[in-house]
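A short worksheet on the structure shown next.
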Amino acid sequence: MKTLTVISPVYQEEEVIADFYKELKTELDKLQDYKSTILFVVDKGKDNTLNILKDICDSDKSTRVLWMSSRFGHQMSLLAGIDNSDSDVVVMIDSDLQHPTNMIPKFLHEFEQGADIVNAVREDTEDIGILKKISSKLFYWFFNSMSKVELAGNAPDFRLISGRVSKIIKEQIRERNLFLRGMISWVGFSQVSIPFTAAARSRGK
C-alpha cells in the first residue's frame, strides 16, 4: 500500500477547519490503495484553530499538527509540511474549503499514469471580482514573458507531487523567499494539469 500525506496550511480558520477536516477525511477514507495522513501546518494566530485541531488529532491518529512558532506565511508552511512528510505522494490543499477535496482521486489517477507533478488549474472562482481576474492574468503574462520557467495561469498551490519531487525540495531547494509553484515547475519531471472551479468562501476571510 502506498503512502499519502495531505499537507494543509492553516491560518486563523476556526470557522471552517472542522468542516474542512470532515470533508477531507471522508474523501481519503474512500481510497483503497493508499494509507493517508493529514498534516495541518498552523501559522501562529490568535483564534481557536490550534485547539480545534488538537481535539481532532486526539480522536484521529492519522492526523498531525505542525504548529509554527511565528507567522511565516503560506509558502513556508507548505515547505515545512514537505520537510515533515516522507510519503510516496504529497498533496497540497488549502483549508478554507475553496479547493475541492474530490480532486484528490483525479490527482492520484494521473500519478498512477506516470505524472510526478499534478497541478490543479483554476477555471474560475465563484466570488472573484473582475479586478482580481485581470490582475491575475497580468501577473502570469508578465511572469512568463520574463522567465524561462513556464507557469500555467491560475495555478494555485493545489497539487500533487511525487516522493522524488518532495525529496529534491527537501534536499536541494532551500530558498528563504520561496515561490513554490515556480520552483516545482522548474524541477522538471512529468507534469500535468487538471481544471477545477474554486468554491466561494463560506465563512471566515
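The values are calculated or read from the model by the stated rules, or taken from the named source; none is laboratory data. The model shown is predicted, which means the values in this text are computed figures rather than measured ones. Ideal geometry is used to build each Cβ from the backbone, glycine not excepted, and the neighbour counts take in all protein chains shown. Surface areas here come from the heavy atoms of the whole protein model, side chains and all, with no ligands, DNA or RNA. Shrake-Rupley method; radii C 1.70, N 1.55, O 1.52, S 1.80 Å.
Taken together, the residues in the range 187-204 that are β-branched (Val, Ile, Thr), in a loop (DSSP other than H, G, I, E, B) and open to solvent by 50 Å² or more (accessible area, probe 1.4 Å) amount to 0. Considering Asp55, Asp19, Asp60, Asp29, the condition of being at pLDDT 95 or above, over 15 Å from the mean Cα position of the chain (by Cα), closer than 22 Å to Val89 by Cβ and open to solvent by 40 Å² or more (accessible area, probe 1.4 Å) is satisfied by Asp29 alone. Residue under question is Ser87, and the condition is that it be touching a residue at least 24 places away in the same chain (Cβ under 8 Å), hydroxyl-bearing (Ser, Thr, Tyr) and surrounded by fewer than 17 Cβ atoms within 10 Å (Cβ to Cβ); does it hold? Taking the combined requirement at face value, the residue does not satisfy it.
Considering only the range 32-47, I want to know if a residue exists there that is surrounded by fewer than 17 Cβ atoms within 10 Å (Cβ to Cβ) and either aliphatic (A, V, I, L, M) or in a helix (DSSP H, G or I) (or both). No, the conditions are met nowhere in the range 32-47.
How many residues does the range 66-115 contain that are aliphatic (A, V, I, L, M), over 14 Å from Ile7 (Cβ atoms) and touching a Ser or Thr at 6+ places or on another chain (Cβ under 8 Å)? Result for the range 66-115: 2. Any residue in the range 114-125 that is without any contact (Cβ under 8 Å) to a residue 12 or more places away in the chain and over 27 Å from Asn177 (Cα atoms)? No; the residues of the range 114-125 include none that is without any contact (Cβ under 8 Å) to a residue 12 or more places away in the chain and over 27 Å from Asn177 (Cα atoms).
Would you check if there is a residue in the range 65-79 being of a type in the set (Lys, Arg), at pLDDT 95 or above and open to solvent by 50 Å² or more (accessible area, probe 1.4 Å)? No; the residues of the range 65-79 include none that is of a type in the set (Lys, Arg), at pLDDT 95 or above and open to solvent by 50 Å² or more (accessible area, probe 1.4 Å).
On the given criteria, is Ser8 under 30 Å from Glu175 (Cα atoms), in contact with a Pro (Cβ under 6 Å, 6 or more places away or on another chain) and buried (at least 18 other Cβ atoms within 10 Å of the Cβ)?
On the way: under 30 Å from Glu175 (Cα atoms): yes; in contact with a Pro (Cβ under 6 Å, 6 or more places away or on another chain): no; buried (at least 18 other Cβ atoms within 10 Å of the Cβ): yes.
So Ser8 fails the test.
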